[in-house]
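Just so you know, all these numbers are worked out from the coordinates, no wet-lab data involved. From a predicted model like this one, the values you see are computed outputs, not experimental measurements. Every residue, glycine among them, receives a Cβ derived from its backbone with ideal geometry; neighbour counts consider all protein chains shown.
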Amino acid sequence: MSLKVKFWGVRGSIACATPNHMKYGGNTSCIEVQAGDHCFVMDAGTGIRNFGEALMKNGTCVSHMLFTHTHWDHINGFPFFVPAYNPANSISIMAGHLMDQGGIRDVLSTQMHNPVFPVPLDAMQADLKYHDFEAGESFDLFDGVRIKTAPLNHPNGATGYRIEHAGKSAVYITDTEHVPGKPDQNILSLIDGADFVIYDSTYTEEEFPSKVGWGHSTWNEGMRLCQEAGAKKLGIFHHEPGHEDDFMDALAEEAMEAWDGNMVCREGMTVEL
C-alpha cells in the first residue's frame with residue numbers, strides 16, 4: 001500500500017553529460033510513481049530513456065504518463081521511451097495546460113516531425129490514448145489513487161500534481177516562478193499537509209533577481225511554502241545545468257542546516273512514504 005517516488009531525471013533546462021554532474025545526475029525531469037500495485041510516470045525528459053529500459057528488462061510497463069508542461073527538457077526523452085513502440089502496451093498520456101492549444105498529442109507529434117526528428121509519432125505502436133484536462137481539476141487515476149492539480153506560474157503554462165494514496169501524499173511542482181513576498185496560493189492549497197513536496201529549485205536566492213520571467217524558483221521559497229502549509233519534507237529539484245556536484249554539495253549542506261525537512265533530489269534516488 002506504500003507510495004514511492006523514484007527519480008530518473010532531476011536536471012532542468014538541458015541534460016548534462018559531464019564528470020561534474022555524476023553525483024546528482026545530468027538527465028532532465030522524469031519521475032516514477034508507485035502507488036500500491038500501480039506504476040505511472042511524470043514528465044518525459046531524458047531520464048525516461050533509462051526508465052523505459054528498466055521497464056523492458058523487468059517485463060512491465062506504465063499505464064499513465066502525466067506531463068507538467070511541454071518545454072523541451074520535459075518531453076525530449078519521449079521519442080526514446082521504448083515501451084511506447086511495443087503494441088502490447090497501453091499508455092494514457094495526460095496534460096493540463098494545452099486544452100486551447102491543440103492538445104498534448106499535437107505537441108508530441110510536432111516534436112517528432114521532419115525535419116526535427118526522423119521517426120514519427122505514428123511509429124509508436126503501443127495503444128497511446130491522449131487526455132487533455134484543465135489544471136485545477138481533480139480525478140481518480142486508479143481506485144485509491146487520487147490526483148489533484150493546480151496551474152503554475154510558468155511561460156506557456158504548467159501543472160502541479162498532488163498524488164494521494166493510502167493516507168500519504170506526494171506533490172510534484174515544477175516549473176514555477178514565485179513572486180517574492182507573495183506566497184502562491186495555488187501551491188499552498190496543493191501542498192497543504194503533504195508528506196513530500198518536489199519543488200522547482202532551479203536558482204539560488206542570489207541568482208533569482210536576474211532570472212525573473214524565466215519561470216523558475218528557489219529552494220528557499222519552496223521551504224517557506226512547505227513550512228507555511230505544514231508539509232513534512234521538501235525535495236529540491238530541477239537543478240540548474242551550471243550547478244555542478246561541488247556546488248550542489250554546498251547547496252545541500254546549506255539547505256539541511258536551514259530546515260531538517262530539506263533534501264536534494266538525486267538521479268536514482270527513491271523516496272518511500
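Key figures
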quantity	calculated
Cross-link reach list, lysines versus residue 57, counting only Cα pairs under 19 Å and skipping chain neighbours closer than eight places	6
Listed residue pairs exceeding 29 Å between alpha carbons, taken from 148/232; 4/182; 23/182; 23/211	4/182; 23/182
Most positive-pole-ward Cα, 110, 135, 25, against dipole of the chain from beta carbon charges	110
Unit charges at the beta carbon, dipole of the stretch 3-272: most positive-side option, 55, 72, 96	55
Linear extension gain, residue 99 paired with residue 192, 0.36 nm per residue minus alpha-carbon span	30.8 nm
Other-chain or far-sequence residues with amide H under 5 Å of residue 169's (modelled H)	195, 196
Calculated FRET value between residue 88 and residue 247, using beta carbons and R₀ = 45 Å, to 0.05	0.55
Average Cα contact separation per residue, the chain, under 8 Å, 6 or more apart, as relative contact order %	19 percent
Given charges at Cβ of Lys, Arg, Asp, Glu: the chain dipole, positive-most of 82, 150, 42	82
0 to 90° range, to nearest 10: angle between helix 47-58 axis and the chain longest Cα axis	60 degrees
Net charge contributed by nearby residues that have their C-beta within less than 14 Å of residue 83 (K/R +1, D/E -1)	-1
Nearest-ten-degree value, helix 245-258 long axis tilted from longest Cα axis of the chain	60 degrees
Listed peptides 9-15, 56-62 by packing density, highest first (mean Cβ within 10 Å)	9-15, 56-62
DSSP-defined beta bridges in the stretch 1-153 - what % are antiparallel, rounded to 5	50 percent
Student exercise, the chain dipole from Lys, Arg, Asp, Glu Cβ charges, in Debye to nearest 20	660 debye
